[in-house]
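I have placed the structure first, in the form of structure tokens, so that the comments after it can refer back to it.
Bear in mind that the values in this text are calculations on the coordinates, not laboratory data. Every value quoted in this text rests on a predicted model; they were computed, and no experiment measured them. Glycine also receives a Cβ, built like all others from the backbone with ideal geometry; neighbour counts cover every protein chain displayed.
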Amino acid sequence: MGSLDLPYASSFKGGSETFLQNVFESILKTYLRKNPMAKTIWELVKSVDNEKISYDHFFFRTFKVDGYGIDSLASFFMDYGYKVGGRLDFPKKKVQVLWLSPPDVHFPDNGYGIGNGPLPRLVIAELLVEELSPESQEIIRKYLKPEGGKQAVLSSTLGSLIWEKPTSTDFNQLAKESEFAAWTLVYGYTMNHLAFAVHRLKHRFSDIKCVKEYFEEKGFELNKDGGVLKVSEDGLLLQVSAMSEKLVVEFADGVTQIVPASYIEFVERLVLPQFKDMPCDEIKEFHRREGLEQASAYHIMESTRFTANNSNMGSFDLPHSSSFKGESEIFLRNVFENILKTYLRKNPTAKTIWELVQSLDNEKICYDHFTFRTLKVDGYGIDSLSSFFMAYGYKIGGGLDFPKKKLRVLWFSPPDVHVPNDGHGLGNGPLPRLVIAEVLVDELSPESQGIIRKYLKQEGGKQAVLSSTLGSLIWEKPTWTDFKQLAKESEFAAWTLIHGYTMNHLAFAVHRFKHRFSDIKFVKQRLEEKGFKLNSDGEILKVSQDGLLFQVSSISERLPVTFADGVTETIPASYIEFTQRQVLPEFKDVPLDEIKEFHRREAFELDNANHVMESTRFTTKF
């Protein structure tokens, strides 16, 4: 494919550039975590080039079936300004490829990496499933349920399959016809490879021939298909790729096999002939050869070649995994794990309390509920989060209204999944309830509505769960002036505008603890002894009218936030809660070791919830 002179996208369609960069950072971290050899090469490049690295493109594989194809990823990035650069077709592989050029964002002359360097191109390949044999089609469709592709970007950031893990039988049968299909079925939306932009590197890595020699000397296996150094017909696009390493994969039927994973590539784009006389320090990306090369791309895809029948390494028992609506429980649990990690990373005091509980209860902790705050406007309200979780079996448990706060709350009960008797945490314990609150924006003053609508662009709420896992705002960071003005009318709205979909608080299930923390009065006493400030609004120990629901919460710590206009102020962050649900009177004679969650007091108490929300009270009036 020759050089394409296509314009770069000039702007984002609303939404935060920082959010997009955080998505890329998370995709990259997942790729490096899952591919040790690629990480080793990446670290070598960083060390040689003084950590100033730039990327040419990120590459993904998909299935063209039931919304799982190219568009499942491309639609997200095109919302952030990416534009179609060109297409490639590979009839023999039954694959087509789309590449996207990045938006034109400002970065300093010495900018590098994802944080302040040029954004990478995106290359997304899709397997034309309908061109496969009926048997292969049936295998793929068995795993890929309708609409699951909506979570493609989230899946890529987590490195977790949306669908159930395949059996080795299905994998091996599929690999006979299409290695591309088999690879994608087992790795999903995890990035297939990244490519360094050699022409942006410094020192010895700025010449792709030196790159090739360096990694050959280091003993890395390079892709020889079509020659180690792949050169386009016009001589302006040079590419070298490593062969993917082979990793152990555990299949759903207990069989383990060695399967090719991801790999890494180097790309050098030479200056176009019409710009050859330009000074080197004035050369920009658009002065260089653009696009991809059909033949080279074909050969590079062979970096994941299955060199032999994959070794069967025996079988072993895998933990039970229930499914609901046909999708992966593991994926849902991974979403929760990442939401929790982000919450703990962003809230040091909450993390300290969490670690205290973990240490006292021998690390066997369980959660009662996770709570989020939203803004009911243009698709950003409760449904922006709940629609995802309801697709995984969550059901509406009830609602609460807070007219004075102009709030509405819905809580959701988790799906009935198998939990071992000693199950705990998010890995194999009971799933938490979800509590999602929304500000009724239309009931606020016109001025407050104007502030909120200025930041929240239409359809941005589609990425609510992704935002929560990353802890990154979908919208632009607000100014201190707007934040302060909004807080005068609604502290809840102001808190949500600055913290977004980051989890507002988690609640431990005290009644599921062992040892001393199984009594909420002891919890209260221990936290006070440790000097943690507890929420005394409506009493520290909040008791429901029926005496069966007990709650204690901390006061959120105040953390410095730098606003868009450069002002830095301390703002309430998230907090932590403890909830104890007593056994219902009709089950008081059930033996303790037979008590299940449904034997206990369910739901929430309006007055208590109103008081608990004061844990993020702004002590300063603006």
Checklist entry - When the helices in the chain are scored as -39500 (n - 2.57) per DSSP H run of 4 or longer and the sum is shared across all residues, what 222 nm value do you end up with, to the nearest 500 deg cm²/dmol? => result -9000 deg cm²/dmol
Checklist outcome for this item: Quick shape summary for the chain, equivalent ellipsoid via Cα gyration tensor, semi-axes whole Å in descending order, reads 46, 30, 21
Next on the checklist: Taking 22 Å as R0, compute the FRET efficiency from the Cβ-Cβ separation of residue 589 and residue 416 and round it to 0.05.
Outcome noted: 0.35
Item to check | Cross-link partners of residue 351 among lysines (Cα-Cα below 18 Å; sequence separation of 8 or more within a chain) | outcome: 341, 364, 524, 530, 533
Checklist entry - By how many degrees, 0 to 90 and rounded to 10, does the Cα axis of helix 17-34 deviate from the longest principal axis of the chain? => result 80 degrees
Checklist outcome for this item: Dividing the mean separation of Cα pairs under 8 Å (6+ apart) by the residue count of region 17-314 yields a relative contact order in percent of 20 percent
Next on the checklist: Over the Cα atoms, compute the radius of gyration (one decimal) and Dmax (the largest Cα-Cα distance, rounded to a whole number) for region 469-622, in Å.
Outcome noted: 18.4, 62
Checklist outcome for this item: extent check for region 500-547: Cα max minus min per principal axis, descending, whole Å, gives 35, 27, 25
Item to check | Between region 138-163 and region 36-73, the Cα center-to-center distance that results, in Å | outcome: 19 Å
Checklist entry - For region 46-137, which GluC sites (Glu not before Pro) are in a loop by DSSP, counting at most 12 other Cβ atoms within 10 Å? => result 51
Item to check | Computed over the chain: relative contact order in percent, which uses C-alpha pairs under 8 Å that are six or more apart | outcome: 12 percent
Checklist outcome for this item: Looking only at aspartates and glutamates whose Cα falls under 13 Å of residue 83's and that sit 8 or more positions away or on another chain, we get 5, 71, 104
Checklist entry - Hey, what did region 329-616 get for relative contact order, percent, Cα under 8 Å, at least 6 apart? => result 21 percent
Item to check | Environment charge of residue 463, counting only residues whose C-beta is closer than 12 Å and scoring Lys/Arg +1, Asp/Glu -1 | outcome: +1
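Over the Cα atoms of region 148-239, Rg to Rh with Kirkwood Rh, two decimal places?
1.09
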Item to check | Candidate lysines for bridging to residue 142, where Cα separation is under 19 Å - those fewer than 8 sequence places away on the same chain excluded | outcome: 64, 150, 165, 176, 325
